[in-house]
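Please read the structure below before turning to the comments.
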Amino acid sequence: MSTPTRTQPRFALGQCRATFAAMQALKENDTHSIVILKRHECGDWGDLTDEDRQLNETAIQPDPEKCSRILSHYRLEDGQRLYVITEWDRSETTILLPSEY
């Protein structure tokens with residue numbers, strides 16, 4: 001299921017971080033972290049199940065009772081995968097490899 005392309009942020013990212021391994025994967029694929037972060041914050045969740053997509057949609061609602069982490073999963077051109085995770089309180093977003101989760 002494809003997510004419609006959006007250009008406006010849907011939630012705050014907080015402080016952005018990336019692991020060394022994730023930055024290496026991005027460099028190997030000539031992809032900038034800003035591109036990945038923009039997709040994430042605009043609601044392009046990448047390769048997620050419908051259930052995980054729905055969890056993200058619920059998490060971005062303004063209801064503090066439903067606030068939880070937001071997860072995106074992207075495949076890079078060479079097949080490497082990345083996770084982008086925004087914490088439940090929106091204080092931090094991290095780009096990392098699935099093996100680092």
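Overview of results
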item	result
For the chain, calculated [θ]222 nm from helices alone, where every DSSP H run of n ≥ 4 adds -39500 (n - 2.57)	-8000 deg cm²/dmol
Inter-label distance for residue 19 and residue 49, nm, one decimal - labels placed 7 Å from Cα along Cα-to-Cβ	2.2 nm
Computed lengthening from residue 63 to residue 35, 0.36 nm per intervening residue step minus Cα-Cα distance	7.3 nm
Listed candidates [x] 20.3, 56; [y] 14.5, 43; [z] 12.9, 40 - label of the one calculated as Rg and Dmax of the Cα atoms in Å	[z]
Virtual spin-label span in nm between residue 10 and residue 99, 7 Å along Cα→Cβ	3.0 nm
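Just so you know, all these numbers are worked out from the coordinates, no wet-lab data involved. All figures in this text were calculated on a predicted structure; none of them were measured in a lab. Glycine gets a Cβ as well: all are built from the backbone with ideal geometry, and neighbour counts include every protein chain shown.
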